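I have placed the structure first, in the form of structure tokens, so that the comments after it can refer back to it.
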Amino acid sequence: MTVVGIQSRLDSGSFLERYAFVPELGWHEIGSDNRAESNLLDGFAGRIEALKAVYERYRPAYQSEYEEHLNWEFTEDELRQMIAFFDSAVGQHYLDGTWRMEAYIGTNMEETEQALVAEAVQSYRSR
């Protein structure tokens, strides 16, 4: 889990950050802290901090779930081979290249995604 970055996401809870940007979750509902944020970034930072603080209670469950699934999905020999691959120069290039590819494609496809979402919203509204 360490070589492919899963462990660092479990350790930090960073995989939960996306929820800080979803207003439908009620971040500003009655009963929540409605103080004026000094800027938009501070508002998101506070949400991320809250998510990570609460995550600490749930972290052992996430850790256990990942470990159990890895042990169910892969044999010890397969895990050793994967670790050897990811520790190799080719494996490191794969990890770096995959991250870079996702980043570039995400950037290159922004306008396409915006058009796709706008079309889907329009289609949904015209039902």
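The values are calculated or read from the model by the stated rules, or taken from the named source; none is laboratory data. From a predicted model like this one, the values you see are computed outputs, not experimental measurements. Neighbour counts are summed over all protein chains in view; Cβ atoms, including those assigned to glycine, are modelled from backbone coordinates with ideal geometry.
Note on the range 113-127: residues that are at pLDDT below 80 and more than 27 Å from the chain's Cα centre (by Cα) total 2. In a helix (DSSP H, G or I), touching a Leu at 6+ places or on another chain (Cβ under 9 Å) and either modelled with pLDDT of 90 or more or over 22 Å from T2 (Cα atoms) (or both): does that describe I48? It is true that I48 is in a helix (DSSP H, G or I), touching a Leu at 6+ places or on another chain (Cβ under 9 Å) and either modelled with pLDDT of 90 or more or over 22 Å from T2 (Cα atoms) (or both).
Give the residues of the range 111-124 that are exposed (fewer than 10 other Cβ atoms within 10 Å of the Cβ) and either not in a helix (DSSP H, G or I) or not hydroxyl-bearing (S, T, Y) (or both), sorted by residue number. E111, Q122, listed by residue number. I'd like to check something: does the range 61-76 contain any residue that is in a helix (DSSP H, G or I), touching a Gly at 6+ places or on another chain (Cβ under 8 Å), surrounded by 10 or more Cβ atoms within 10 Å (Cβ to Cβ) and modelled with pLDDT of 90 or more? Scanning the range 61-76, I find no residue that is in a helix (DSSP H, G or I), touching a Gly at 6+ places or on another chain (Cβ under 8 Å), surrounded by 10 or more Cβ atoms within 10 Å (Cβ to Cβ) and modelled with pLDDT of 90 or more, so the answer is no. Picking from residues in the range 1-19 that are assigned to a loop (DSSP other than H, G, I, E, B) and touching a residue at least 60 places away in the same chain (Cβ under 8 Å), the one that is surrounded by the fewest Cβ atoms within 10 Å (Cβ to Cβ) is G5.
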